[in-house]
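A.B. asks: Submitted below is the structure of interest, expressed as structure tokens.
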Ligand code: ADP
Ligand code: MG
């Protein structure tokens with residue numbers, strides 16, 4: 001069964017149909033790359049899934065629960081995490097302390113205990129190892145490079161128990177090395193997490209995507225493997241603006 005199912009999703013912005021009858025689904029552990037020309041509705045789709053924007057019609061089911069009418073914090077508690085383009089790390093706190101803050105956002109009653117356990121940095125180590133920041137646990141986040149800051153944000157989403165992680169242009173501004181490292185992190189993360197990634201860097205998409213959904217004018221234009229997408233005539237003409 002799919003982890004996330006989007007059915008006939010709609011949102012209007014004062015008459016502009018930014019998302020107009022969108023259908024797609026994502027399986028657990030899948031990396032789905034969301035492509036499409038500027039203005040296609042990709043960022044709005046992520047907003048609709050995480051609850052930053054409320055849809056005007058349609059349904060979004062996450063692990064069997066209808067979530068399209070839930071507030072953003074409730075969806076976060078169910079396990080949907082959104083990484084925004086502007087990082088939301090606490091620059092004056094250390095890397096481990098940032099994870100501690102993220103951990104305390106988890107649902108449940110053990111907040112105080114987990115915060116205590118993480119405050120010495122040891123409980124943060126397994127998550128930091130997964131994203132290669134273990135040597136930076138006691139570094140102040142404000143001293144991290146651009147790429148490291150992005151990875152810390154992903155670590156914070158893992159720490160707050162997100163199982164579905166939404167990312168909008170995660171490699172923007174990264175060096176070639178950072179982009180390569182990000183692809184490795186994504187592949188490893190997909191062993192336990194589902195990712196929906198809006199991305200323009202096609203060589204990155206080629207490395208990480210299990211499946212691709214192409215949007216145009218708020219609807220699904222095509223879906224499939226990278227080979228299927230690259231040879232699709234509708235996709236070619238959408239990018240040429242026909
Ligand atoms: P993409 O991420 O694919 O480039 P967006 O989802 O950002 O596209 O935008 C889709 C369309 O919706 C665009 O025409 C954009 O101008 C419009 N749009 C996005 N957000 C808003 C908003 N909050 N208010 C009005 N129009 C918006
Ligand atoms: Mg966008």
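The values are calculated or read from the model by the stated rules, or taken from the named source; none is laboratory data. Keep in mind the model is a prediction, meaning the values are calculated, not measured. For neighbour counting, all protein chains shown are included, and Cβ atoms are generated from backbone atoms with ideal geometry for every residue, glycine included.
A.B. asks: State the number of residues belonging to region 161-178 that are within 22 Å of residue 124 (Cβ to Cβ) and more than 12 Å from the chain's Cα centre (by Cα).
C.D. replies: Counting residues in region 161-178 that are within 22 Å of residue 124 (Cβ to Cβ) and more than 12 Å from the chain's Cα centre (by Cα) gives 2.
A.B. asks: Restricting to region 204-242, what's the tally of residues that are closer than 30 Å to residue 177 by Cα and crowded, with 20+ Cβ neighbours inside 10 Å?
C.D. replies: Number of matching residues: 10.
A.B. asks: Just to be sure I understand the filter: pairs with C-beta atoms under 9 Å, separated by 6 or more residues or on different chains, first member in region 63-80 and on the phi > 0 side of the Ramachandran plot, second member loosely packed, with under 13 Cβ neighbours inside 10 Å and assigned to a loop (DSSP other than H, G, I, E, B). Which pairs pass?
C.D. replies: Partner pairs satisfying both residue conditions: 63/1; 64/1.
A.B. asks: Could you list, ordered by first residue, the pairs with Cβ atoms under 7 Å in which the first is in region 168-192 and within 23 Å of residue 45 (Cα to Cα) and the second is in a loop (DSSP other than H, G, I, E, B) and away from ligand 2 (no atom under 16 Å from the Cβ), at least 6 apart or interchain?
C.D. replies: The qualifying pairs are 182/174; 190/29.
A.B. asks: Here is a list: 235, 214. Which entry is at pLDDT 95 or above and either part of a strand (DSSP E or B) or within 16 Å of residue 40 (Cβ to Cβ) (or both)? Write out each step before concluding.
C.D. replies: Working: 235 fails: at pLDDT 95 or above.
Sole residue among the options that is at pLDDT 95 or above and either part of a strand (DSSP E or B) or within 16 Å of residue 40 (Cβ to Cβ) (or both): 214.
A.B. asks: Filter region 27-39 for residues that are within 10 Å of ligand 2 (Cβ to nearest atom) and out of contact with any helix residue (DSSP H, G or I) (no Cβ under 8 Å at 6 or more places or on another chain); which is farthest from residue 206 (Cα to Cα)? Even if it seems obvious, please write down each step before you answer.
C.D. replies: Kept after step one, since they are within 10 Å of ligand 2 (Cβ to nearest atom), are these residues of region 27-39: 34, 36, 38-39.
Remaining after also requiring out of contact with any helix residue (DSSP H, G or I) (no Cβ under 8 Å at 6 or more places or on another chain): 38-39.
On the way: 38: 20, 39: 22 Å.
That would be 39.
A.B. asks: Run residue 223 past the list (1) assigned to a helix (DSSP H, G or I); (2) touching a strand residue (DSSP E or B) at 6+ places or on another chain (Cβ under 6 Å); (3) more than 16 Å from ligand 2 (Cβ to nearest atom); (4) touching a residue at least 40 places away in the same chain (Cβ under 8 Å) and report the number of the one that doesn't hold.
C.D. replies: With respect to (1) assigned to a helix (DSSP H, G or I); (2) touching a strand residue (DSSP E or B) at 6+ places or on another chain (Cβ under 6 Å); (3) more than 16 Å from ligand 2 (Cβ to nearest atom); (4) touching a residue at least 40 places away in the same chain (Cβ under 8 Å), residue 223 is out only on (1).
A.B. asks: Could you tell me which numbered condition residue 138 fails, if it satisfies all but one of (1) farther than 30 Å from residue 36 by Cβ; (2) in a helix (DSSP H, G or I)?
C.D. replies: Here residue 138 meets the rest and fails (2).
A.B. asks: Something else: Residues of region 141-167 being over 20 Å from residue 47 (Cβ atoms) and either within 16 Å of ligand 1 (Cβ to nearest atom) or not in a helix (DSSP H, G or I) (or both), which ones? It would help to see each step written out before you state the result.
C.D. replies: Step one: filter region 141-167 for residues over 20 Å from residue 47 (Cβ atoms), giving 141-149, 151-152, 155, 158-159, 161.
The answer is 144, 145, 161.
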